[in-house]
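**Student:** Right, I'll just put the structure down here and ask away after.
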Ligand code: GTP
Ligand code: SPV
Ligand code: MN
């Protein structure tokens, strides 16, 4: 129970509608977690992994129709459709009350309703916020315990009078026909029913930390972004912090945990992980932009993660980790495409059968405590956050976007973010590999009109003036004529980070092109890297014709926003067209 009256009242109200068999207040303790896990192992919700090789690790196999975020069933329920904007599904609050609320009626009969208090952000931070999730899924509780500071820390922060984000979640009958993820930005409230998966059900993550926190940031003067936060340490021991926004399954976790290539590591280059998915940014007293990671764990993509690509993640998932929809070896160890030893024929796939590929679901995930990651930053719990010097936008694009370029100024940087495009991935249900506009990697996560959001970004830059971070764009995924990635990626991405650091420090060589500043041939340190002849040129090439086509796509996209498109964005597009025509 809690001394917070508003909380007690709401819990009672919800319980009277959902009619659970019992209500359990979660304190986040070891004991409570052990009991929950025992119960789930008993009823088959969790399978125990090999406890000598993976102590404290469990496998969850979700319903086969419930394996990713469902964007078409995700709604912003603002007062007007215009407040949700052209990129969101909108549902009126009245419709939500008649169409979605009745689904909660008796939904928790025979189940336990867990009251999950959670803190987004470090304890004692002026930037941290409390959420309460009411859920009938013990799997959600166990994940929330890893992903957030759950239980006592949250109730202490909340106090008797504090406010919180209300999140109501029920598995319902798990049918996609009766699945809805509704957000009420004005009331700071979330209703989610019919899914037990990731961003649909762990309400602290995309629902609160982005779709609800976004409008809060707009009103209060801060930013809630789909970004990793990393510290880049140079050989002198100086650490420079950067944020990067890439769409889902486009490399945030990997970049946040990067291990530099040999020649760089031995000189003292190092990357420290502050966050891998979400960044809340506020101006500090010194006028610089500071970022905190509101989360406490990683909900990372499993396939492709290996000792080669991401040894830090591999180390982080060796204990106390929940695996969802991965494959398992004969001795119950997790395994997936791309992981060492995968070619074994005798793995059991993510549905529990012999494996017709893929063995692991392409959106299979690990939930691991951030503190278990060897590269975790010593600033992880710093209540003030870390000062950000560079913001990096990036997409997954076979063509057009070069390896890296720098914006001319903040407004141009906002334009780069606003016009980002990327190929769709398995992180959301639907077709994979289709290029779509994904502004700031926030297309599925912006809780208000995207035009107003760009306006807010522009204002935030004006406020920062000279001290605002420099803005860049990267693309690790450009392909050659044989459809092979041109850039080796992963650890080698450090070379690009180093150029970005040089630019932040007023060094580094670049050529001015119509789209921004692109590194000169020798701008990126390629010492020790075996790239084919002409590959660097291909990676940095600007195809004017392709960019002219790009401006047509941007114009069409901007057209959707009508009056809500900031004039500065229209202006940026006109200037780009002029530069390309020259
Ligand atoms: P979300 O958790 O969905 O937000 O994803 P994310 O942005 O954190 O993506 P993540 O780092 O998990 O990477 C997703 C997939 O892209 C994995 O299969 C990675 O192996 C792959 N990947 C990451 N970085 C690179 C890279 O530099 N090059 C290539 N080719 N693949 C990469
Ligand atoms: C993403 O899809 O961007 C994720 C996973 O980080 S989820 O929690 O499902 O949103
Ligand atoms: Mn994400």
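The values are calculated or read from the model by the stated rules, or taken from the named source; none is laboratory data. Values in this document were obtained by computation on a predicted structure and should not be read as measured data. Here the Cβ positions follow ideal geometry from the backbone for every residue, glycine too, while neighbour counts run over all protein chains shown.
**Student:** Being closer than 16 Å to residue 7 by Cβ and surrounded by fewer than 20 Cβ atoms within 10 Å (Cβ to Cβ) is the requirement here; does residue 178 meet it?
**Tutor:** On the way: closer than 16 Å to residue 7 by Cβ: no; surrounded by fewer than 20 Cβ atoms within 10 Å (Cβ to Cβ): yes.
No; evaluated as a whole, the condition is false for this residue.
**Student:** Let me ask something additional. Filter region 58-92 down to residues that are farther than 30 Å from residue 46 by Cβ and either within 16 Å of ligand 1 (Cβ to nearest atom) or assigned to a helix (DSSP H, G or I) (or both), then give me how many there are. Step through it out loud before you land on a result.
**Tutor:** So the first thing to find is which residues in region 58-92 are farther than 30 Å from residue 46 by Cβ, and the list is 75-92.
If we keep only those that are either within 16 Å of ligand 1 (Cβ to nearest atom) or assigned to a helix (DSSP H, G or I) (or both) as well, we get 81-84.
Result for region 58-92: 4.
**Student:** Residue 188 is checked against (1) under 21 Å from the mean Cα position of the chain (by Cα); (2) crowded, with 23+ Cβ neighbours inside 10 Å; (3) more than 25 Å from residue 252 (Cα to Cα) and fails just one. What number does that condition carry?
**Tutor:** Only one criterion is unmet by residue 188, namely (2).
**Student:** Scan region 375-404 residue by residue and report those that are buried (at least 23 other Cβ atoms within 10 Å of the Cβ) and more than 19 Å from the chain's Cα centre (by Cα).
**Tutor:** Scanning region 375-404 gives 401, 403, 404.
**Student:** Tell me which of these residue 125 doesn't satisfy, since it passes every other one: (1) part of a loop (DSSP other than H, G, I, E, B); (2) more than 24 Å from the chain's Cα centre (by Cα); (3) modelled with pLDDT of 95 or more.
**Tutor:** Failing condition for residue 125: (2).
**Student:** Filter region 292-310 for residues that are within 25 Å of residue 199 (Cα to Cα) and either more than 16 Å from ligand 3 (Cβ to nearest atom) or in a helix (DSSP H, G or I) (or both) and give the result. Please lay out each step first, then the result.
**Tutor:** So in region 292-310, the residues within 25 Å of residue 199 (Cα to Cα) come out as 292-306, 309-310.
Correct list: 292, 306, 309.
**Student:** For region 149-169, state whether one or more residues are within 16 Å of ligand 1 (Cβ to nearest atom) and under 29 Å from residue 271 (Cα atoms).
**Tutor:** Among the residues of region 149-169, not one is within 16 Å of ligand 1 (Cβ to nearest atom) and under 29 Å from residue 271 (Cα atoms), which makes the answer no.
Residue-wise test of (1) closer than 25 Å to residue 429 by Cα; (2) in contact with a helix residue (DSSP H, G or I) (Cβ under 8 Å, 6 or more places away or on another chain).
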position	(1), (2)
296	no, yes
300	yes, yes
312	no, no
335	yes, no
348	yes, no
354	yes, no
360	yes, no
374	no, yes
381	no, no
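**Student:** For the structure I just gave you, tell me whether residue 221 is away from ligand 1 (no atom under 16 Å from the Cβ), closer than 19 Å to residue 298 by Cβ and surrounded by fewer than 24 Cβ atoms within 10 Å (Cβ to Cβ). Working first, answer last.
**Tutor:** On the way: away from ligand 1 (no atom under 16 Å from the Cβ): yes; closer than 19 Å to residue 298 by Cβ: no; surrounded by fewer than 24 Cβ atoms within 10 Å (Cβ to Cβ): yes.
Answer is no for this residue.
**Student:** With region 493-561 as the region, which helices (runs of 4 or more DSSP H) entirely inside it contain at least 3 residues that are modelled with pLDDT of 95 or more and in contact with a helix residue (DSSP H, G or I) (Cβ under 6 Å, 6 or more places away or on another chain)?
**Tutor:** 544-559
**Student:** So which residues in region 337-348 are more than 12 Å from ligand 1 (Cβ to nearest atom) and in a loop (DSSP other than H, G, I, E, B), if there are any at all?
**Tutor:** Taking region 337-348 as the starting set, the residues that turn out to be more than 12 Å from ligand 1 (Cβ to nearest atom) are 340-348.
Within region 337-348, 340, 341, 342, 343, 344, 345, 346, 347 qualify.
**Student:** If I ask for residues that are within 17 Å of residue 276 (Cβ to Cβ) and part of a loop (DSSP other than H, G, I, E, B), which ones from region 321-336 would you list?
**Tutor:** If the condition is that a residue be within 17 Å of residue 276 (Cβ to Cβ) and part of a loop (DSSP other than H, G, I, E, B), then 321 is the only one that fits.
**Student:** Further question on the same structure: Among the residues of region 258-277, write down those that are closer than 21 Å to residue 199 by Cα and either surrounded by fewer than 24 Cβ atoms within 10 Å (Cβ to Cβ) or more than 9 Å from ligand 1 (Cβ to nearest atom) (or both).
**Tutor:** Pass one, region 258-277, residues closer than 21 Å to residue 199 by Cα: 274-277.
Scanning region 258-277 gives 274, 275.
**Student:** Right, another one. Report whether or not residue 134 is within 27 Å of the chain's Cα centre (by Cα) and either over 30 Å from residue 384 (Cβ atoms) or within 16 Å of ligand 2 (Cβ to nearest atom) (or both). Give the derivation first.
**Tutor:** On the way: within 27 Å of the chain's Cα centre (by Cα): yes; either over 30 Å from residue 384 (Cβ atoms) or within 16 Å of ligand 2 (Cβ to nearest atom) (or both): yes.
Yes.
**Student:** Working only within region 16-42, note down all residues that are in contact (Cβ under 8 Å) with a residue 24 or more places away in the chain and either in a strand (DSSP E or B) or over 31 Å from the mean Cα position of the chain (by Cα) (or both).
**Tutor:** 17, 19, 20, 21, 22, 23, 24, 25
Quick grid of which residues meet (1) in contact (Cβ under 8 Å) with a residue 24 or more places away in the chain; (2) over 27 Å from residue 146 (Cα atoms):
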position	(1), (2)
331	yes, no
336	yes, no
344	no, yes
349	no, no
357	no, yes
367	yes, no
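**Student:** Which count do you get for residues in region 192-203 that are away from ligand 3 (no atom under 13 Å from the Cβ) and closer than 13 Å to residue 131 by Cα?
**Tutor:** 1
**Student:** Please find, among 528, 506, 523, the residue that is free of Cβ contacts under 8 Å to residues at least 60 places away in the same chain and loosely packed, with under 12 Cβ neighbours inside 10 Å. Even if it seems obvious, please write down each step before you answer.
**Tutor:** On the way: 528 fails: free of Cβ contacts under 8 Å to residues at least 60 places away in the same chain; 523 fails: loosely packed, with under 12 Cβ neighbours inside 10 Å.
It is 506.
**Student:** Follow-up. Scan 210, 255 and give me the residue that is at pLDDT 95 or above, within 12 Å of ligand 1 (Cβ to nearest atom), outside the structural domain of residue 497 (by TED's automatic domain parsing) and at negative phi.
**Tutor:** Working: 255 fails: outside the structural domain of residue 497 (by TED's automatic domain parsing).
Result of the check over 210, 255: 210.
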